[in-house]
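A short write-up of the structure that comes next.
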Amino acid sequence: MNTELLVKNSTIEKIMVKEVVTISSHASLLEAAKKMDENDIGCIIIIEDNSPVGIVTEKDFLKKVIARQRDLNDSITSIMTTPIISIDKNSDLGDAAALMIKKGIRRLPVVEGSRLVGIVTIRDVLPHYIDDLIQTLDNITEMLMKLR
């Protein structure tokens, strides 16, 4: 699939969520879980020296904490995914979609240099593709009708 044809001149910065919930790498699993619950979010970014170093998702809590009956006082770093996969804020939506597909992820921290500036999820990216796909299908239908 050629993502350039689907999403034209759209950058991550235009659709990213700028208010990212983060937590210190010194936090416990319980602190992180409470913060995710309070903010009604599906992931949290772990920060060290003002830079993102890892990510923890609801799935991580299910598989790595609950299923293994882990101590909630353990460090959040014990279950975080690292190194963090991120994307530059000036990247195209197509690049983000391709990276998410390639890496099998649904959440992508957005950076400017090493500084966290946002987050984009598959739910943020998908609507842009759907609009373009509908337009493409309409164009194909119109062309086929003319051929009749």
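The values are calculated or read from the model by the stated rules, or taken from the named source; none is laboratory data. Because the structure is predicted, anything quoted here is derived from the model rather than measured. In this analysis, Cβ positions are derived from the backbone assuming ideal geometry, glycine residues included, and neighbour counts consider all displayed protein chains.
Quick rundown of the values:
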quantity	calculated
Count - residues of the range 53-70 that are touching a residue at least 24 places away in the same chain (Cβ under 8 Å) and in a loop (DSSP other than H, G, I, E, B)	1
Qualifying residue in the range 67-74 (condition: among the charged types (D, E, K, R), under 30 Å from A98 (Cβ atoms) and out of contact with any strand residue (DSSP E or B) (no Cβ under 9 Å at 6 or more places or on another chain))	no
Among the candidates I41, I79, residue that is in contact with a Lys or Arg (Cβ under 8 Å, 6 or more places away or on another chain), free of Cβ contacts under 8 Å to residues at least 60 places away in the same chain and closer than 24 Å to L99 by Cα	I79
Looking only at the range 26-52, and only at residues there that are part of a loop (DSSP other than H, G, I, E, B) and surrounded by 16 or more Cβ atoms within 10 Å (Cβ to Cβ), the one that is modelled with the lowest pLDDT	I41
Candidates N50, N73, filtered to the one that is more than 17 Å from the chain's Cα centre (by Cα), on the phi > 0 side of the Ramachandran plot and touching a residue at least 12 places away in the same chain (Cβ under 8 Å)	N50
Filter result for the condition that a residue is touching a residue at least 40 places away in the same chain (Cβ under 8 Å), touching a helix residue (DSSP H, G or I) at 6+ places or on another chain (Cβ under 7 Å), aliphatic (A, V, I, L, M) and closer than 30 Å to L30 by Cβ, over V120, V111	V120
Which listed residue, of K89, K59, is loosely packed, with under 15 Cβ neighbours inside 10 Å and within 19 Å of the chain's Cα centre (by Cα)	K59
